Amino acid sequence: MALFGTNGVRGVANVDMTAEVAMNLAKSIGTFRRGRIAVGRDTRHSGDMLKNAVIAGLLSTGCPVIDLGIAPTPCIQYYVKRHADAGIVITASHNPPEYNGIKGIAGDGTEMSRQDEAAVEQIYYSGAFRKADWSETGRVSTADPKPEYIDGITALVDAAAIQGRHFTVVADPGCGAASVTTPFLLRGLGCRVITLNAQVDGTFPGRNPEPTGNEINDLKAAVRTAKADLGIAHDADADRAVFIDDRGRFVNEDVLLALMTRYRLQQKPGIIVTPVSSSSLIEDIARQYDGEVIWTMVGSIHVARKMMEVGAVFGGEGNGGLIFPEFQHCRDGGMSAASMLEMLAKTGRKLSDLVDALPSYCSVKEKIRCPDKDAVLREIAAAVRSEKVDLTDGIKVYRPDGWVLIRASGTEPIVRVFAESRTDAGARKLADYGVGLVNDHNK
Ligand code: MG
């Protein structure tokens, strides 16, 4: 059984994500990666239980532990990069409150690589944990990673330009980890900050941790009522940020990625890295501003590692996960928020104007139950050989008016079909074509 999914190990607390699993996983990581290990968590109710199990596991292998308490995942990653040999984050990101998970962080602050995860997994199943002598069991110290993270972000953006605009911003951390960072970051940047769901509460009473357009209706209303310049929402571990414009409208994440791509390319032409599932808008923008797009497999780790490999100027996913390489090679909701403010300050434009000036694309998403998904995808790949296809991740078929991406789910017996075109009818037609391909081979 594969322990690690796309985003570390996840499950329902005390059902599959138990204290025993957490401790053995920590023992495996401590056996694999000796040294000082920083441990932090999001605000989930089960976070205390799992954090203490993780710490006990690490200490038993002889690793000293730095307990960072509650902090956003990128804040913990930034701390690891500067002060520790590795890290463990206890979070289930955008999943509902009953979930929790464990994510390994490499010494350079990036997500643990797939190879390292495989090595840890092997130790986990073999049970061959290092057991330190009584006098060499680890000790725990504590540290507060937040001030350095906030200062680090503030130093990288044009703080004076942002401060000069006195923006009114409504921040909705969803009672997640950004409750302890984003409001303070924004205030430091001279914003008048109104908060919503900014009390630390792992039951997530205000909204679901996933900040989709429908989940953050309160934020939209608050932005309109306060006549704010911007609304910001995060998922529970705040590696992602999504935005509400000054007219109270949700900014589609692909549009966000495109706006930020353009802003970054205007400052520094270069390579942009994004998964094959991202909008063609990114390519349109890159072409216009001397950029080059490299498409990767879906998953932020693939984006981050490719960015490091090619020295990209910017990258990100179409879900609000943006990566600013001069800060760190991971998705960073705090950095996204500050960069958005810098873009508004330096362009002098309202976010609604910037959004409306972009060409728009339409997309359609479908999912089909498909127990033999890998065989079906192989057959489809053979069937579309004469078309223009990209096999980076699943099968992406390009047509003159758009594209359709057919991908197997990593965890469920499902094939996803994702189509994009300039019109709704065009996207529908491409999605139907993709669904037809799956059904033809799904026997
Ligand atoms: Mg997240």
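So, in Å, what gap is there between the alpha-carbon centers of the range 70-118 and the range 284-349?
20
Please calculate the 1.4 Å probe accessible area of LYS146, with all protein chains present, and give it to the nearest 10 Å².
Rounded to the nearest 10, the figure is 50 Å².
How are the C-alpha pair distances of the range 16-57 spread across 10 Å bins, as whole percents from the shortest bin up?
Binned Cα distances yield the sequence 31, 56, 14.
What's log10 of I(q)/I(0) for the range 32-181 at q = 0.14, 0.15, 0.17 Å⁻¹, Debye sum over Cα points only, no solvent?
Computed log10 I(q)/I(0) values: -0.73, -0.82, -1.00.
Between GLY410, VAL435, ALA241, whose Cα lies farthest towards the positive end of the dipole of the chain when Lys and Arg beta carbons carry +1 and Asp and Glu beta carbons carry -1, centred on the Cα centre?
ALA241
Wrap a convex hull around the Cα atoms of the chain, take a quarter of its surface area, and give that in square nanometres.
Result: a mean projected hull area of 20.6 nm².
Return the calculated 222 nm mean residue ellipticity for the chain, to the nearest 500 deg cm²/dmol, obtained by summing -39500 (n - 2.57) across DSSP H runs with n ≥ 4 and dividing by the residue count.
So the helix-based figure for the chain works out to -11500 deg cm²/dmol.
Give me the percent relative contact order of the range 121-212, please, defined on Cα pairs under 8 angstrom at least 6 residues apart.
That works out to 26 percent.
Can you list the lysines whose alpha carbon is less than 18 Å from that of LYS350, not counting same-chain residues fewer than 8 positions off?
LYS220, LYS227
Size of the range 382-443 along its principal axes in angstrom, Cα-based, largest extent first?
Principal axes ranked by extent give 31, 24, 21 Å for the Cα atoms.
Remind me, what semi-axes does the range 155-215 give for its equivalent ellipsoid, largest first in whole Å, using sqrt of 5 times each Cα gyration tensor eigenvalue? Write down the numbers at each step before the final one.
Numbers: eigenvalues 123, 26, 19 Å².
Over the Cα atoms of the range 155-215, the ellipsoid semi-axes are 25, 11, 10 Å.
For the range 220-345, just list the percent of Cα-Cα distances falling in each 10 Å bin from zero outward, please.
So the P(r) values, bin by bin, are 14, 47, 30, 8, 0.
When only Cα pairs under 8 Å and 6 or more residues apart are kept, what is the percent relative contact order across the chain?
For the chain, the relative contact order is 12 percent.
Please report, in whole Å³, the volume per residue of the convex hull around the C-alpha atoms of the range 187-231.
Spelled out: Cα convex hull of the range 187-231, divided by residues, is 92 Å³.
Quick check for you: with a 1.4 Å probe and neighbouring chains kept, what is the accessible area per residue of the chain, in Å²?
Counting only protein heavy atoms, the per-residue value for the chain is 40 Å².
When you have a sec, figure out the Kirkwood radius of the range 290-407 from all distinct Cα pair distances and drop it here in Å to one decimal?
Working: mean 1/r = 0.0582 Å⁻¹.
Taking every pair of different Cα atoms in the range 290-407, averaging 1/r and inverting gives 17.2 Å.
What is the Rg over Rh value, at two decimals, for the range 114-245, using alpha-carbon atoms and the Kirkwood definition of Rh? The partial results should precede the final answer.
Working: Rg = 19.9 Å, Rh = 17.3 Å.
Radius of gyration relative to Kirkwood radius: 1.15.
Mind jotting down the distance between the C-alpha centroids of the range 240-264 and the range 133-198, whole Å?
Between the Cα centre of the range 133-198 and that of the range 240-264, the gap is 20 Å.
Give the Kirkwood hydrodynamic radius (Å, one decimal) of the range 315-357, defined as one over the mean of 1/r across all pairs of different Cα atoms.
11.2
Among ALA375, ALA171, ALA233, determine the one that fluctuates most according to a GNM of the chain built with springs between C-alpha atoms less than 10 Å apart.
Looking only at ALA375, ALA171, ALA233, the biggest GNM fluctuation is shown by ALA375.
Hey, what's the Kirkwood Rh for the range 64-126 if you take every pair of different alpha carbons, in angstrom?
12.6
Count neighbours as other Cβ atoms within 10 Å of each site's Cβ, and list the trypsin sites (Lys or Arg not before Pro) in the range 221-294 that are DSSP loop with at most 15 such neighbours.
LYS227, ARG247
Provide, for q = 0.19, 0.24, 0.26 Å⁻¹, the log10 of I(q)/I(0) from a solvent-free Debye sum over equal Cα point scatterers in the range 187-273.
Reported log10 I(q)/I(0), two decimals: -0.96, -1.26, -1.35.
Among PRO269, PRO211, PRO72, which one moves the most in a GNM of the chain with springs linking Cα atoms closer than 10 Å?
Most flexible of the set in this elastic network: PRO269.
Given Cα pairs under 8 Å that are at least 6 residues apart, what percent is the relative contact order of the range 13-54?
This gives 63 percent for the range 13-54.
The values are calculated or read from the model by the stated rules, or taken from the named source; none is laboratory data. Keep in mind that this is a model prediction, so the values were computed, not measured. Cβ: placed from backbone, ideal geometry, glycine included. Neighbour counts: every protein chain shown. Quick note on the areas: whole protein, heavy atoms, side chains included, nothing else; ligands and nucleic acids left out. Shrake-Rupley method; radii C 1.70, N 1.55, O 1.52, S 1.80 Å.
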